[in-house]
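The values are calculated or read from the model by the stated rules, or taken from the named source; none is laboratory data. These numbers come from a predicted model, not from an experiment. A quick note on method: Cβ atoms are made from the backbone with ideal geometry, for glycine too, and the neighbour counts reach across all protein chains shown. For the accessible areas, the whole protein counts, side chains as well, though only heavy atoms, and no ligand, DNA or RNA atoms are used. Shrake-Rupley method; radii C 1.70, N 1.55, O 1.52, S 1.80 Å.
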Amino acid sequence: MATTIGLQDLPPTPLLSEKHSGIPERWAEQCKESKARLYSLKTLPASVPREGELPVLPPGIDRPTFNTAIAELKETLGEEHVELNDKPLVDGWYMEHPNTHDTFHVLEQSKLVSSAQVYPGSVEDIQTIVRWANKYLIPIYPISIGRNMGYGGAAPRVPGSVTIDLGRRMNKVLKIDGNSASCIVEPGVTYFALYEEVQKTGLPLWIDTPDVGGGSVLGNCIDRGVGYTPYGDHWANHCGLEVVLPSGEIMRTGMGALPGKNGADNPSWQAFQHAYGPSVDGIFSQSNFGIVTKMGMWLMPATGHQSYMITFPEEDDFEQIIEIIRPLALNRVLGNIPQLRSVIQELAITGRPKSDFYDGKDPIPMEVIKAHAKNMPCGECAWVFYGTVYGPEETRNSQLDIIRQEFSKVRGSKFFLPEDMPEDHYIHPRARICSGVPELRELDWLNWKPNCAHLAFSPITPTRGQDARIVHEIVTRLHKKWGFDSLPTWCVSGREMHYIAEILIDRSDPDEKRRAICCMREMITEAAAEGYGEYRTHLIFQDQISRTYGWGNQALMRFNETLKDALDPNGILAPGRAGIWPKSYRDKGWEILPEDEPRTSVKTNGVIH
Ligand code: EUG
């Protein structure tokens, strides 16, 4: 039974002034409400006792050796900066997330866990940790903030890894430069925090934020996350990295490789991405080749903006809608990364549980969704398009004229502005996100089920109706087969769309977890057979997905393995991340591939538990 927890019973979320991952004061009230809504449906206890001897050890390391190694690390870094993972695991929620495991565990909660967390305070500390890992052959797993939600959170791929929580002590905005409209951030800077810092400067600059604002600007970028202003392709808008290599050496990429005068940073570091010689930034994105300690990021000059929403009544019209979107996107009439969402999300984003809308355990039928939508601000529809135009009013209006005219070709479509919608409608936070203001509201669909976790299936297709249909039909059919509601969103970047389908899982139900994994595995395999691949995935699907990119007898993976072995001969840095295993782990049963299914446990030391 769900117990209703009142606002008054929940301790407040730490403020940004108290903790680097905390909530800025201006969002504190919204944060309190969001937390109360989520906790109102929680049936799982805050934590359960763990079994077996703790902490879980790194593979191949016995307890005395581990203890010696940890004692040495504490000696070098300070006792208070090394913490064993030997206490009960607490899932918390988005704003108070664990760094010990994946808050949205898809396997058992206790499977993907660290042995310890370490908190470096400087790049030198990181070098020390890397050298220590090489000495003891202990795998290390760096996280920036640890809010990689839907993709594994803070969890390491190899159980017993030592998690390097970079963000706790390395969380400064090192520079905001109004001339080059750029910043330099450390790993622990969240979108909320960067927003505050930019506001403090008074400069007319925007940041670009994803749907929820608590993530690391650096971490999201190197995982190639998306946002929704014209700077929504985060990786495309980074400029310059500083990286600690698995050897312990430090390197700078881009213009930063050329030392500035008298030891200063290169003055062009945040102005030019490519510099000279091979472009190596890419190998530090979605990889395990280095630890990014500083990153330059472009900021957008503030401009006028107008958000809007268009509803479409017929589910089957999405091909036509996407065919209309393509030329508008390519011609930059659609100014940002707009989203085309299934109407089910209009229900879910209210924060009300599925049970408010439907009694059955099975996926909620489209007729039922539409019947509810009829009584909601969006009206009866199947799809909702959220877009924003930018620039001076005249420009915006001429763009809006074209947009209205083009989409009016879809029968029954309706156009709305934010002022047409009630105050609590999602269009308002959406409009803020699309103008660079971080938000929390997107979390509200986690109320769909009790103890709700989400797992993202994220294939790429060209912006073309016939490709969209193939993927959408695979997703819809397999969600139905495995008993899940389907909540698709297309994030359109131009020539290409990220299709994001979130599987919502009740973490208290092991069978639901098993079915979610089966559903993911089949979607990945079927999409790949049609030529479609994912842009990003949860830890436990990285082996499978990386191998779908297998053109030329796994040429890309063999190239990555060559790099891995050259850069990290001891295989200490995030083994298995992005499906890349170091020599010492390769072909010893660590890879989780679909032929191993069904299984919900994870291999440790090459043994299936
Ligand atoms: C979204 C979520 C993602 C992602 C891109 C976009 C947006 C959901 C959880 O992953 O990778 C509404």
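Which one of these does Asn134 not meet: (1) surrounded by fewer than 22 Cβ atoms within 10 Å (Cβ to Cβ); (2) at positive phi?
(2) is the only condition that Asn134 fails.
If I ask for residues that are assigned to a strand (DSSP E or B) and under 17 Å from Thr548 (Cα atoms), which ones from segment 458-474 would you list?
Pro459, Ile460, Thr461
Go through the residues of segment 497-506 one by one and say whether even a single one is in a helix (DSSP H, G or I) and open to solvent by 20 Å² or more (accessible area, probe 1.4 Å).
Keep residues of segment 497-506 that are in a helix (DSSP H, G or I), which gives none.
Looking through segment 497-506, none of the residues is in a helix (DSSP H, G or I) and open to solvent by 20 Å² or more (accessible area, probe 1.4 Å).
Starting from segment 524-549, keep only residues that are open to solvent by less than 30 Å² (accessible area, probe 1.4 Å) and among the polar types (S, T, N, Q), then list their pairs with residues that are away from the ligand (no atom under 16 Å from the Cβ) and part of a loop (DSSP other than H, G, I, E, B) whose Cβ atoms are within a distance under 6 Å, requiring at least 6 positions of separation or different chains.
Gln544/Leu593
State the number of residues belonging to segment 474-492 that are out of contact with any helix residue (DSSP H, G or I) (no Cβ under 6 Å at 6 or more places or on another chain) and within 12 Å of the ligand (Cβ to nearest atom).
4
Would you check if there is a residue in segment 230-250 being among the hydrophobic types (A, V, I, L, M, F, W, C), surrounded by fewer than 18 Cβ atoms within 10 Å (Cβ to Cβ), assigned to a loop (DSSP other than H, G, I, E, B) and at pLDDT 95 or above? Break it down stepwise before answering.
Filtering segment 230-250 down to residues among the hydrophobic types (A, V, I, L, M, F, W, C) leaves 235-236, 239, 241, 243-245, 250.
Okay, now just the ones that are also surrounded by fewer than 18 Cβ atoms within 10 Å (Cβ to Cβ), so 235-236, 245, 250.
Those still in the list that are assigned to a loop (DSSP other than H, G, I, E, B) too: 245.
Those left that are additionally at pLDDT 95 or above: 245.
Within segment 230-250, one or more residues are among the hydrophobic types (A, V, I, L, M, F, W, C), surrounded by fewer than 18 Cβ atoms within 10 Å (Cβ to Cβ), assigned to a loop (DSSP other than H, G, I, E, B) and at pLDDT 95 or above.
Is there any pair with a first residue in segment 440-451 that is within 15 Å of the ligand (Cβ to nearest atom) and a second that is open to solvent by less than 20 Å² (accessible area, probe 1.4 Å) and among the β-branched types (Val, Ile, Thr) whose Cβ atoms are under 6 Å apart and which are 6 or more apart or on different chains, and what are they?
Asp444/Ile349; Trp445/Ile349
Which residues, counting only those in segment 137-152, are over 27 Å from Asp62 (Cα atoms) and either out of contact with any Leu (no Cβ under 9 Å at 6 or more places or on another chain) or within 15 Å of the ligand (Cβ to nearest atom) (or both)?
Scanning segment 137-152 gives Ile145, Gly146, Arg147, Asn148, Met149, Gly150, Tyr151.
Restricting to segment 202-212, name every residue that is more than 19 Å from Arg341 (Cβ to Cβ) and either of a type outside the set (A, V, I, L, M) or within 14 Å of the ligand (Cβ to nearest atom) (or both).
Listed by number, the residues that qualify are Gly202, Pro204, Trp206, Asp208.
For segment 187-204, how many residues meet the condition of being closer than 19 Å to Asp233 by Cα and open to solvent by 20 Å² or more (accessible area, probe 1.4 Å)?
Selection size over segment 187-204: 1.
Only one of Gly282, Gly360, Gly277, Gly304 is in contact (Cβ under 8 Å) with a residue 40 or more places away in the chain and small (Gly, Ala, Ser). Can you tell me which?
Unique residue meeting the criteria: Gly304.
What are the pairs, 6+ residues apart or on separate chains, where a residue within segment 109-135 that is more than 16 Å from Ile250 (Cβ to Cβ) and modelled with pLDDT of 95 or more has its Cβ under 8 Å from a residue that is open to solvent by 30 Å² or more (accessible area, probe 1.4 Å) and assigned to a strand (DSSP E or B)?
Matching pairs, first to second residue: Ser115/Leu84; Ala116/Glu83; Ala116/Leu84; Gln117/Glu83; Val118/Glu83; Tyr119/Glu83.
Evaluate segment 154-162: report whether one residue or more is within 16 Å of the ligand (Cβ to nearest atom), at pLDDT 95 or above and open to solvent by less than 10 Å² (accessible area, probe 1.4 Å). Steps first, answer last, please.
Initially, segment 154-162 is screened for residues within 16 Å of the ligand (Cβ to nearest atom), giving 154-155.
Pick out the ones that are also at pLDDT 95 or above and you get 154-155.
Right, trim to open to solvent by less than 10 Å² (accessible area, probe 1.4 Å) and you get 154-155.
Taking every residue of segment 154-162 in turn, at least one turns out to be within 16 Å of the ligand (Cβ to nearest atom), at pLDDT 95 or above and open to solvent by less than 10 Å² (accessible area, probe 1.4 Å).
Open to solvent by 10 Å² or more (accessible area, probe 1.4 Å) and either assigned by TED's automatic domain parsing to the domain that holds Glu512 or part of a helix (DSSP H, G or I) (or both): does that describe Lys111?
no
Among (1) more than 27 Å from Glu534 (Cβ to Cβ); (2) assigned to a strand (DSSP E or B); (3) open to solvent by less than 20 Å² (accessible area, probe 1.4 Å), which single condition is Val292 missing?
Condition not satisfied by Val292: (1).
If you check Ser435 against the conditions, is it modelled with pLDDT of 95 or more, in a loop (DSSP other than H, G, I, E, B) and within 15 Å of the ligand (Cβ to nearest atom)?
Spelling it out, it is not the case that Ser435 is modelled with pLDDT of 95 or more, in a loop (DSSP other than H, G, I, E, B) and within 15 Å of the ligand (Cβ to nearest atom).
List, please: which pairs have Cβ atoms under 6 Å, are six or more places apart or on different chains, and start with a residue in segment 452-467 that is within 13 Å of the ligand (Cβ to nearest atom) and at pLDDT 95 or above and end with one that is outside any strand (DSSP E or B) and among the β-branched types (Val, Ile, Thr)?
Leu455/Val106; Pro459/Val471
Sort out which residues of segment 555-587 are charged (D, E, K, R), at pLDDT 95 or above and not in a helix (DSSP H, G or I), and write them in order of number.
Looking only at segment 555-587, we keep the residues that are charged (D, E, K, R), and these are 558, 561, 564-565, 568, 577, 583, 586-587.
Still in the running and at pLDDT 95 or above: 558, 561, 564-565, 568, 577, 583, 586.
Across segment 555-587, the qualifying residues are Asp568, Lys583, Arg586.
Restrict the check to segment 410-418 and report whether at least one residue is within 21 Å of the chain's Cα centre (by Cα), part of a loop (DSSP other than H, G, I, E, B) and closer than 15 Å to Arg341 by Cβ.
no
Please identify the pairs in which a residue from segment 320-349 that is within 22 Å of Ser486 (Cα to Cα) and more than 16 Å from the ligand (Cβ to nearest atom) has its Cβ atom under 8 Å from the Cβ atom of a residue that is charged (D, E, K, R) and not in a strand (DSSP E or B), counting only partners at least 6 apart or on another chain.
Gln320/Lys409; Ile322/Arg464
Given (1) among the polar types (S, T, N, Q); (2) away from the ligand (no atom under 16 Å from the Cβ); (3) outside any loop (DSSP other than H, G, I, E, B), identify the lone condition not met by Ser180.
Checking Ser180 against (1) among the polar types (S, T, N, Q); (2) away from the ligand (no atom under 16 Å from the Cβ); (3) outside any loop (DSSP other than H, G, I, E, B), the one that fails is (3).
Can you confirm whether segment 315-337 contains a residue that is open to solvent by less than 20 Å² (accessible area, probe 1.4 Å), part of a strand (DSSP E or B) and not hydrophobic (A, V, I, L, M, F, W, C)?
No, the conditions are met nowhere in segment 315-337.
Test each condition in (1) more than 16 Å from the ligand (Cβ to nearest atom); (2) of a type in the set (A, V, I, L, M); (3) touching a His at 6+ places or on another chain (Cβ under 6 Å) for Leu504 and report the one that comes out false.
Checking Leu504 against (1) more than 16 Å from the ligand (Cβ to nearest atom); (2) of a type in the set (A, V, I, L, M); (3) touching a His at 6+ places or on another chain (Cβ under 6 Å), the one that fails is (1).
The rows are residues; the columns are (1) of a type outside the set (A, V, I, L, M, F, W, C); (2) out of contact with any helix residue (DSSP H, G or I) (no Cβ under 6 Å at 6 or more places or on another chain); (3) open to solvent by 80 Å² or more (accessible area, probe 1.4 Å).
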site: Thr13; (1), (2), (3): yes, no, no
site: Ser21; (1), (2), (3): yes, yes, no
site: Ala28; (1), (2), (3): no, yes, no
site: Pro45; (1), (2), (3): yes, yes, no
site: Pro55; (1), (2), (3): yes, yes, no
site: Phe66; (1), (2), (3): no, yes, no
site: Ile70; (1), (2), (3): no, yes, no
site: Glu80; (1), (2), (3): yes, yes, yes
site: Asp86; (1), (2), (3): yes, yes, no
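Quick one: is Arg169 outside any helix (DSSP H, G or I) and more than 16 Å from the ligand (Cβ to nearest atom)?
So Arg169 fits the description; yes.
I want to confirm something. Restricting to segment 223-248 and keeping residues that are away from the ligand (no atom under 14 Å from the Cβ) and free of Cβ contacts under 8 Å to residues at least 60 places away in the same chain, which single residue is nearest to Glu534 (Cα to Cα)?
By that ranking, first place goes to Ala236.
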